[in-house]
Amino acid sequence: MGESGQCVCRGAAWMSEFLPKEVREGLEQARKHKLRKKSRMKVRVGDQSFTILRYWDDGFALDADDAPQLRGLVDLYDGGRHLSQCLIIASEEDGGEMVFEFKRATVAADQAPLDYERTTKTIGLLTHRPGI
């Protein structure tokens, strides 16, 4: 108990133990729905696309109910912008989310890489001289 006579707790996880199962499931569905609506990020595998609920430097999480056991090469998008191509593995299921980790993440480029060095020096100047 705190000085004010109120219960002091570390997080709200303890409160879910006292709620009926239906209420807990409803709260979890509402939380996932909110994350899905807020997130613009998607992972694409072939023709399938899945909304990313959480994203961090070395992985991401999808809704465990919607996500298959993804593995291998996937593409990450933020809206319509291609962010990266990643090699992933399924790590664990945590709180209704399937967590995936990157084995490799390559940033997507808008154009193909050059196989030569661009120079900015002018080698010659061609002029148009009519009548010659």
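The values are calculated or read from the model by the stated rules, or taken from the named source; none is laboratory data. All figures in this text were calculated on a predicted structure; none of them were measured in a lab. Every residue, glycine as well, gets a Cβ built from its backbone with ideal geometry; the counts of neighbours run over all protein chains shown.
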Give the number of residues within the range 62-93 that are assigned to a strand (DSSP E or B) and either touching a helix residue (DSSP H, G or I) at 6+ places or on another chain (Cβ under 9 Å) or on the phi > 0 side of the Ramachandran plot (or both). 2
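Identify all residues within the range 42-62 that are exposed (fewer than 15 other Cβ atoms within 10 Å of the Cβ) and of a type in the set (S, T, N, Q); write none if there are none.
Filtering the range 42-62 for residues exposed (fewer than 15 other Cβ atoms within 10 Å of the Cβ) gives 44, 46-49, 54-58.
Within the range 42-62, 48, 49 qualify.
What are the residues in the range 42-57 that are within 19 Å of residue 95 (Cα to Cα) and not basic (Lys, Arg), if any?
Taking the range 42-57 and keeping what is within 19 Å of residue 95 (Cα to Cα), we get 50-56.
Listed by number, the residues that qualify are 50, 51, 52, 53, 55, 56.
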Quick count over the range 99-132, residues being within 18 Å of residue 53 (Cα to Cα) and modelled with pLDDT under 90, is 0
